[in-house]
1. All other residues with a Cβ under 14 Å from the Cβ of S122 taken together, and with Lys, Arg as +1 and Asp, Glu as -1, what is their net charge?
2. At a temperature of 20 °C and a viscosity of 1.002 mPa s, determine how fast the chain diffuses translationally according to Stokes-Einstein, using the Kirkwood radius over alpha-carbon pairs as Rh; express D in µm²/s, rounded to the nearest whole number.
3. In whole Å and largest first, what semi-axes does the C-alpha gyration tensor of the range 66-148 yield when each eigenvalue is scaled by 5 and square-rooted?
4. Between beta-carbons, use under 12 Å as the cut-off and find the net charge around L85, counting Lys and Arg +1, Asp and Glu -1.
5. Go ahead and estimate [θ] at 222 nm for the chain from helices alone: -39,500 (n - 2.57) per DSSP H run with n ≥ 4, summed, over the residue count, rounded to 500.
6. Roughly how many nanometres apart are two label points built 7 Å out from the Cα toward the Cβ at R148 and V193?
7. How big is the range 1-68 in terms of Cα radius of gyration and Dmax, in angstroms?
8. Using a 1.4 Å probe, how large is the accessible area of R168, given in Å² and rounded to the nearest 10?
Amino acid sequence: MTVRIMTVCTGNICRSPYAHLLLAQGLESVRPGAFEVSSAGVGALVDHSVEPGSARHLDAKGIAHTDFRARQISERDLDGIDLVLPMAVEHRKAVLSYAPRLLKRAYTIKEIARLIDSAEQSQPWTERLAGLGTPEERWAAIPTHLARERGRARVGEGVDDVADPYRREDAAFDVMAREIDAAVERVVWLERVTG
């Protein structure tokens with residue numbers, strides 16, 4: 001069994017492939033073979049490769065991306081997905097239109113990082129997930145804790161979105177990378193400390 005995670009953005013060429021490939025590398029380094037990470041777009045530029053701005057950041061981290069091709073999200077793609085990490089609230093809404101059952105398993109990537117930290121402050125994750133020995137058990141339980149935290153830790157509109165850098169200058173991709181890097185680090189941290 002593997003924990004299946006999908007990142008989602010609009011075109012599946014800038015934000016979601018960057019998050020997908022970075023998260024896959026991070027989780028693989030902590031728990032080899034336990035996670036399967038993929039990505040898709042709600043308005044995908046199907047079969048396109050990673051945008052140069054995102055590719056530059058992946059190259060700097062030594063993360064391969066030449067085999068990546070953008071794909072359009074579908075209801076079938078969401079079957080069996082354990083956690084969806086959209087890049088913005090608009091993408092979360094689109095995911096839920098395909099798969100309403102994922103309501104408590106869909107968090108923007110910045111939101112999940114924020115809620116992981118917020119939940120840790122009220123009760124350490126090591127206590128919350130005590131006795132759950134496998135990644136599958138942990139990631140089956142984690143969304144319940146996050147959903148409770150979501151109700152307590154509300155933020156303003158746009159705070160949990162990663163801005164779209166598509167067709168913008170390098171600086172926009174730098175901002176995107178910093179935001180996604182920080183969020184991915186928190187997800188990987190959670191698996192590291194509770195595993």
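The values are calculated or read from the model by the stated rules, or taken from the named source; none is laboratory data. No experiment lies behind these values; they were computed from the predicted model shown. Every residue, glycine as well, gets a Cβ built from its backbone with ideal geometry; the counts of neighbours run over all protein chains shown. These accessible areas exclude ligands, DNA and RNA; they are computed on the full protein's heavy atoms, side chains included. Shrake-Rupley method; radii C 1.70, N 1.55, O 1.52, S 1.80 Å.
1. Its environment carries a net charge of +1.
2. Stokes-Einstein gives a translational diffusion coefficient of 129 µm²/s.
3. Numbers: eigenvalues 128, 43, 33 Å².
Semi-axis lengths for the range 66-148 are 25, 15, 13 Å.
4. Local charge sum for L85: +3.
5. Numbers: 7 runs with 96 residues, N = 195.
The per-residue figure over the chain is -16000 deg cm²/dmol.
6. 1.7
7. 11.8, 34
8. Roll a 1.4 Å probe over it and R168 shows about 120 Å².
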